[in-house]
Amino acid sequence: MKNTTTLSFILNSKEYESIEVPTCVTLGDLLREEFGLRGTNLSCNQGVCGSCTVIIDGNPIAACHTFAFEIDGKNIRTIEGLECADGSLDPVQESFAELSAFQCGYCTPGMIMLSRALLDQNPNPSEELIKEWISSNICRCTGYAMIIEAVQLAAKKIKESEA
Amino acid sequence: MYQASNSGLISTSSRDLNAFKMVKPKTIADAVSYLNDFDSVPVAYAGGVDLATAYRENKQIGTLVWLKEIDEISDITVSDDNLRIGALVTHGQGSANEKLACVRGLQESWGKIANVRIRFSATIGGNLMALRTSYEMPILLSALKARINFANKDGLFTLAADEMSQTPRLTGALLTSVDIPLKGKPQIDYERSMRPLYTQAAVKFQDGDNSLIRIAIATEHLPPYIFEIPERLEDFDQIFESLPPDYADLRLDNNYIRYLIPVILKRQIKRLAKGQ
Amino acid sequence: MTKLETLNILTSDTRRRDAYDKVTGRANYTTDVTLPNMLHAKVLRSPMGHARIIKIDSSSARKIMGVHAVLTREDIKKYSESELMPVYGYFIKDQPIVAMDKVLYKGDIVAAVAAESERIANKALATIRVDYEPLPAVTTINDALASNAPELFEEPPVGIVPAYGEGASGKLRSKKNICYTFNYETGSANAFNKCDHVFEDEFKFSRMHHLHLEPFITVASWSDDNKIDIWTACQNPFPLRKEISRIFKKPENDISVKVSYIGGGFGAKNNCKTEPIAVMLSRIARQPVRFCLTAEEGFYTNTQHAAILKIKTGVMNDGSLVARESEILLDSGAYSDGSPLVAEKAGYRIPGPYHYEHLKTTCHCVMTNTAPAGPFRGFGGTQTTWACESQIDMIAERLGISPYQMRMNNLLDKGQAFVPGESGMDSDIKLGLDLVAKEINYKNPPKEPNRGIGLSIGFKDGGGVNKPATARIKASTNGDIFLQCGTIEMGQGAQTALPNIVAEIMNTPTERVRLMPIDTNHTPFDQGTNASSSIAVMGQAVERAALDLKSKILNFSAEQLNCKTEEIKLDNWTIRKGNETIPIIPMIMGFYGGTGFEFSGEGFHKSPNSHLAPLEAPCVFWEYGWGAADVTVDIETGQIIVNKLVVSGDAGKAINLNVCRGQDEGAAIMGLGQSLFETMIYDNADLINGDPLSYRVPMARDLPASFISLTQEQGYGPGPFGSKGMGEGGILPVASAIANAVYNAVGVRLTELPMSPDRVNKALLEKQYNYCKQDTSRD
Ligand SMILES: Cc1cc2nc3c(=O)[nH]c(=O)nc-3n(C[C@H](O)[C@H](O)[C@H](O)COP(=O)(O)OP(=O)(O)OC[C@H]3O[C@@H](n4cnc5c(N)ncnc54)[C@H](O)[C@@H]3O)c2cc1C
């Protein structure tokens, strides 16, 4: 019995089929090492800090505690997949940049993916709900207030762009 | 980190896993047979959240038994006298499910656990089977007099939530579901604002005109300890004198815990009364 | 220094320069470095707090396929002293690359392996046999100082005591298990005699781990021609290069240290951490080696200093401070690391920003069998502010003066020297106090039961001691500007602020200025990115380099235009002469030829040395963190609820307001965690919460209902345009402001961190007990 699996999935809007991966490879390592998607930063490697948060079928999940085989048939978005084709930034990225809602930047891609998932699921989040979601990930630099403001701004930007 | 014999501490992670075999049983019976093929070093895999911590203690996987295709253990069902939660129900699904309304306060209590991101992956079964004192489902479920259902190669068996940590029967067993008895119309209140220092769950059961309060207390390092008292009891402080004197950890001394139980309980009784 | 009358660039540009890299995931960290044939290193760590190593057998590890290098003390011993000096440290060279005779804490490194994967390296490590002879471990300050305590270092390690100025002195190994002692004294002890009261109080300070999200990581390559390339997450690449050169006996121009973005440091990433092992393994394997620690290993690598602080303060009836003596004991862990430097600062900062006639302070670095402690945001100032600002309130209470008034009466005025020989205060401290007092409603406090407010003023010297910095700037023919300096971007916004300074001086859009990647081979010298020095120290070097460059361009243009330099101005790479605009490019091409030219400027900054200053050079700038807290105490459980937290720093002049705000807020929330729950917990030699899940750091949900940061721009800083450093002030006042608020709320004084519910409860019960006792004795 071979210890690899064959996967099909959508990664950042691109379809992949019959990708063969050893069973023991985590999604974090797959993204970084095989796809060169180095924006997904690995830190604690046990699901605690959330730096490696990606969006799987709409939900924010840490790539470190997820095996690559778990994405079979799923749709994955990473920080690299947020930018529009023309290179313009997603409103969440734009808001984090505009309000300087980051410092060292290590948690930032994870925070942005977490925020994007929140806004996809709840376009009008209350401050309480934003706090609750953002409490999933660790940011050791900012003290969070500026991140919460950036998510609020992003919600506004998304609404404006849809109006 | 784990301690390698004769040498010292080594910091492992998922990168230390060898490529493993993977099986995807669709029935409880198949899962049980895989889990009992001990030569293949089987590991049940639900949300995988706790396993990420386990690899750091050098846990190895020979065969990964992927549980998520077993439909029988994924549902929540309610009958007249029982709420059954399948092992694969995640914290997120569980706490959002309206069926839980039959136990007042359960959605809210369960919804406080972990964080939004983890709640999408972490399951109730994994939380229990991880057997860690720092995890909270054993506290909630012990207070609720829950029964935990298992299947192993000899058939089905059931344990009380507070018996789990003391039994050797879990090897090769599949946790299938959790039963919360609805007799006595249980209502739960969970106080975890002091976590990780201390948490306390209180469940009120109606018994005719009387009601009974069942309390589960726990610290990060100690398994739940259970008390049961009649709600009407005026002066219940001395009951907690029965807390064993060694129920204490590095952060909380026994005296403070004893002092704290009734302080929190009084608030919980008030909140439970309001809930009615 | 030229002050500019109007600032054009700074005020118009608010976005951080690293924003694009960081919000798109393009930012490169050392974790992203990979090299062909790169090996992965893992280490074996001591399972015991203190033990002698009897024997190490690593023969099986060496035979495993995929293993390319094994490092134990036996391998170290193969090198002569002229090839390898296998110990390192800041003032004291006491930390071995791998353990030699003894292990000194649980987690101490015993062996290392480089292999084709981390998995193979760990498998190899597990085959190593080590025989230990356990020795008694001392894991607290008091245990280490007990008369029967075992000595951690039987042989004195090599160490230095730096030159000190007036009143200050240092001593190595002043007592058993004390590796370094710093003393400072000024004025006569007789001052105590005239005091109406002398108060002695003792405070305990807890220990945090930095938990920077980017792990400790180094990629090292020792090439066949014996050149060493190091990619590393290090806050001070030049001192690191010096240390690597000393350890490996290599000329500094054979060693290149390269640093990209750092994913958080907070002090931990100074000097040797993962570097010596990575270099050593690469030397053996002759292949590049990546050595990345796990988060758990981080806890065993560097921590803050737990401390016991005893202060004796003499005051007059009216609350005037007269004299202070203090003894500080820092838990330095098993190796000295940055402890002696932290001791200097803790010892020096204990007076706070107040006037005294007499000061006598001592700070000891106590070695224990726990993880090595080192620099941590606040650098001794967090410890001293906790004690000092708590005691100010305690004294005020004893004398019946308001804590606000007590501070106002004693604060140093702007310009007043901290101590004789020192520089003067460079903020109006009273102004800052008024600001936070107003924000917390000091005059009209909330009148609910068990609710109270507290104030505090965090204080530290900033900019480092005797800290030189150099910068180089060049401008291409087209006016594209290259800024080279050794300041690392680790979140503090240097990559935004420093180019902005250049842009402002060159009067050109900031996009035209690029901060170049750091490589010690061509980056000009800098002592390190620490001590909140990016703006106040490096900023001055950059400013001078920009002015140098500008004057060269203006002189050249004036010559070409046959006019005086004073008649022309630089404007977006053109020359303005009256109403005329003259392009520069044709002038350059005309004079230097069609291939063009580059102008370059150099800048240097260091505080002048002075033996009159206790630390040999007057402080560059003073960093204050004003804080105020509004809390409610749950008197039944002992939980503290912070209703409102206010912090304020003085940026002097904010080069970027968002960056300043972020520094204050991030630091304040670190302080909030330490105040209420975040702490490393040792059970004798065992760290019981040394992993990110059980070690609890503040999350968004821990924010107080109201959290306010106020960036002041008082304008008196020594940096460009009157700026000052901002990185640490915010952490300083939080714990004492909360403790003072708790006292104000419920009348109990907490002297130990964190202020966990059980401690508050105990204090409340004691107060009740004493009250009852008083009551009965009155009957
Ligand atoms: C950041 C973070 C915060 C957290 N906070 C909390 C918190 O506040 N409170 C709390 O209680 N917990 C908390 N947790 C822990 C989390 O709830 C558990 O890790 C999770 O519930 C485990 O479920 P899982 O499905 O991921 O288990 P898995 O990792 O898949 O499995 C865990 C263990 O159980 C076994 N197993 C799983 N399912 C079965 C089954 N049906 N039958 C037999 N064996 C099985 C597995 O083999 C494994 O040994 C937190 C975790 C993280 C990472």
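The values are calculated or read from the model by the stated rules, or taken from the named source; none is laboratory data. Note that the coordinates shown come from a computational prediction; the quantities given were computed from them, not determined experimentally. Cβ coordinates were reconstructed from backbone atoms using ideal geometry, including for glycine residues, and neighbour counts include every protein chain displayed. The accessibility values were calculated without ligands, DNA or RNA, using every heavy atom of the protein model including side chains. Shrake-Rupley method; radii C 1.70, N 1.55, O 1.52, S 1.80 Å.
Points worth noting:
- The trypsin sites (Lys or Arg not before Pro) found in region C:34-111 that occupy coil by DSSP, while having at most 13 further C-beta atoms within 10 Å, are C:Lys78.
- Taken one residue at a time, the phi angles of region B:83-93 give Karplus couplings (6.51, -1.76, 1.60, θ = phi - 60°) of 10, 10, 10, x, 4, 8, 5, 7, 3, x, 5 Hz. Gly and Pro are set to x.
- Spatial separation of Cα centroids for region C:305-340 and region C:28-79, in angstrom: 41 Å
- Remark on C:Tyr132: its backbone amide H falls under 5 Å from those of C:Ile54, a criterion applied only to residues 5 or more positions apart or on other chains, H modelled at 1.01 Å from N.
- Averaged over its residues, chain C has an accessible area of 34 Å² per residue, based on protein heavy atoms and a 1.4 Å probe.
- Cα gyration tensor, region C:317-403 - rounded (a/c under 1.5), prolate or oblate: prolate
- Expected 222 nm ellipticity per residue - DSSP helices of 4 or more, -39500 (n - 2.57), all of chain B, to 500: -6500 deg cm²/dmol
- For region B:17-63, size of Cβ-based charge dipole, Lys and Arg +1, Asp and Glu -1, in debye: 160 debye
- Farthest toward the positive end of the dipole of the protein assembly as shown, out of A:Gln103, C:Gly662, C:Cys179, is the Cα of C:Cys179, where the dipole comes from beta carbon charges about the Cα centre.
- Cross-link pairs C:Lys78/C:Lys269; C:Lys227/C:Lys250; C:Lys93/C:Lys204; C:Lys204/C:Lys312 - those with Cα-Cα distance over 18 Å: C:Lys78/C:Lys269; C:Lys93/C:Lys204
- In this Cβ point-charge picture (+1 for Lys and Arg, -1 for Asp and Glu), chain B has a dipole of about 760 debye about its Cα centre.
- Anchor C:Lys460: lysines whose Cα lies under 18 Å away (excluding residues fewer than 8 positions away in-chain): C:Lys345, C:Lys360, C:Lys414, C:Lys430, C:Lys724
- Label point of C:Lys569 set 7 angstrom out along Cα-Cβ; within region C:485-519, amide nitrogens under 17 Å from it belong to C:503-509.
- C-alpha center-to-center spacing [region C:407-426, region C:431-504] in angstrom: 20 Å
- Positions from region A:137-163 whose accessible area shrinks by 30 Å² or more when the full protein complex is built, not the chain alone, probe 1.4 Å: A:Ile138, A:Arg140, A:Cys141, A:Gly143, A:Tyr144, A:Ala145, A:Met146
- Formal net charge of residues neighbouring B:Ile70 (Cβ-Cβ distance under 11 Å; K, R +1; D, E -1): -2
- Residues in region B:111-155 occluded by at least 50 Å² - accessible area, probe radius 1.4 Å, against chain by itself: B:Val116, B:Arg117, B:Phe120
- Only Lys, Arg, Asp and Glu carry charge here, each on its Cβ (+1 for the first two, -1 for the last two); on that basis the protein assembly as shown has a dipole of about 740 debye about its Cα centre.
- Projecting the Cα atoms of C:Met755, C:Leu703, C:Gly715 onto the charge dipole of region C:672-756, computed from C-beta unit charges around the Cα centre, puts C:Gly715 farthest toward the positive end.
- Computed in the context of the full set of protein chains, the accessible area of the protein assembly as shown at 1.4 Å probe radius has 49% of its extent on carbon or sulfur.
- Under 5 Å, built H, 5+ apart or other chain: amide partners of C:Ile575: C:Ile582, C:Ile584
- Amide H within-cut-off set for C:Ile109, under 5 Å, with H built and near neighbours excluded: C:Ser46, C:Ala99
- Gyration tensor (alpha-carbon) shape descriptor, chain C, a/c threshold 1.5: oblate
- Contact order normalised by residue count of chain C, Cα under 8 Å, 6+ apart, percent: 15 percent
- The C-A contact accounts for roughly 3800 square angstrom of buried accessible surface, both chains included, probe 1.4 angstrom.
- Euclidean distance between Cα centres, region B:43-61 to region A:1-75, Å: 17 Å
- Cross-link partners for B:Lys153 among the aspartates and glutamates, with Cα-Cα distance under 18 Å and sequence neighbours closer than 8 places in the same chain left out: B:Asp30, B:Asp37, B:Asp39, B:Glu72.
- Between chain A and chain B, the total buried accessible area stands at approximately 2300 Å², from heavy atoms with a 1.4 Å probe.
- Taking Cβ atoms as reference points and 14 Å as the exclusive limit, the residues near C:His210 contribute a net charge of -1, counting Lys and Arg as +1 and Asp and Glu as -1.
- When the charge dipole of region B:74-181 is built from unit charges on Cβ atoms (+1 for Lys and Arg, -1 for Asp and Glu) and taken about the Cα centre, the candidate among B:Phe120, B:Ser109, B:Leu174 whose Cα reaches farthest toward its positive end is B:Phe120.
- Restricting the GluC sites (Glu not before Pro) of region B:185-276 to loop positions (DSSP other than H, G, I, E, B) with no more than 14 neighbouring Cβ atoms within 10 Å leaves B:Glu234.
- Partner shielding of C:118-128 amounts to 5, given as the average count of beta-carbon atoms from other chains within 10 Å of each residue beta-carbon.
- Helix-only CD estimate at 222 nm, as mean residue ellipticity for chain C, using -39500 (n - 2.57) per DSSP H run (n ≥ 4): -8000 deg cm²/dmol
- Radius 10 Å from Cβ of C:Asp108, net charge of other residues (Lys, Arg +1; Asp, Glu -1): +3
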